[in-house]
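Everything on this sheet refers to the single structure shown next.
The values are calculated or read from the model by the stated rules, or taken from the named source; none is laboratory data. Not measured: the values here are computed from a predicted model. For neighbour counting, all protein chains shown are included, and Cβ atoms are generated from backbone atoms with ideal geometry for every residue, glycine included. The protein model used for the area step is the full one, side chains on, heavy atoms only, and it has no ligands, DNA or RNA in it. Shrake-Rupley method; radii C 1.70, N 1.55, O 1.52, S 1.80 Å.
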Amino acid sequence: MQRTNYSSGAKWEEIVGYSRAVKIGNTIEVTGTVAVDENDALVGNNDAYAQTKFILQKIEKVLQTAGATLSDVVRTRMFVTDIGRWEEYGKAHGEFFSQIKPCTTMVEVKGLIDNSFLVEIEASAIITK
């Protein structure tokens, strides 16, 4: 099967050695995604809902580039810095996935690579059409 790597152009991709997303056959894995825009500016300072929503929009965009949609998502993984804010993360996730209902995990972590990040999300998709 053919492998296609998708890059966001972030400087960290070369330093750490990762891709924004990888597609092999009909499967797409989207790397951990945080709420920074194309200028490396934080979106949603101290706003768990806004960060989650922005991240899911970024994930949707790379899936579309790879030929998929959110309907193809079978699993999301949310790494959050404060599980007490689960309703904020969950509200945004539900707005994108209430009809799709992928498997999901929300786990509290000690911290993310930048203290401003409240959530990091990964996604797995399988194109069925």
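Some points to look at:
- Only one of the listed residues (T105, T65, T81) is within 20 Å of V36 (Cα to Cα), open to solvent by less than 70 Å² (accessible area, probe 1.4 Å) and of a type in the set (S, T, Y). That residue is T81.
- Residue in segment 24-35 that is open to solvent by less than 60 Å² (accessible area, probe 1.4 Å), assigned to a loop (DSSP other than H, G, I, E, B) and within 15 Å of I126 (Cβ to Cβ) present: yes
- In segment 8-20, the residues that are open to solvent by less than 90 Å² (accessible area, probe 1.4 Å) and either among the hydroxyl-bearing types (S, T, Y) or within 16 Å of V36 (Cβ to Cβ) (or both): S8, G9, A10, E13, Y18, S19, R20
- Pairing residues of segment 79-101 that are farther than 16 Å from I55 by Cβ with residues that are open to solvent by 60 Å² or more (accessible area, probe 1.4 Å) and charged (D, E, K, R), at Cβ distances under 6 Å and at least 6 apart in sequence or on separate chains, gives I83/E108.
- Output for segment 31-50, where each listed residue is closer than 21 Å to K11 by Cα, touching a residue at least 60 places away in the same chain (Cβ under 8 Å) and of a type outside the set (V, I, T): G32, A35, L42
- When we screen E13, E29 for residues that are more than 28 Å from E95 (Cα to Cα) and among the acidic types (D, E), the only hit is E13.
- Within segment 6-23, the residues that satisfy the criterion of being without any contact (Cβ under 8 Å) to a residue 40 or more places away in the chain, outside any loop (DSSP other than H, G, I, E, B) and at negative phi are K11, W12, E13, E14, I15, V16, V22.
- From the list S98, S71, the lone residue that is farther than 14 Å from A125 by Cβ and either among the polar types (S, T, N, Q) or open to solvent by less than 60 Å² (accessible area, probe 1.4 Å) (or both) is S98.
- Of N115, N46, N39, all but one fail to be part of a loop (DSSP other than H, G, I, E, B), of a type outside the set (A, V, I, L, M) and at pLDDT below 95; the exception is N39.
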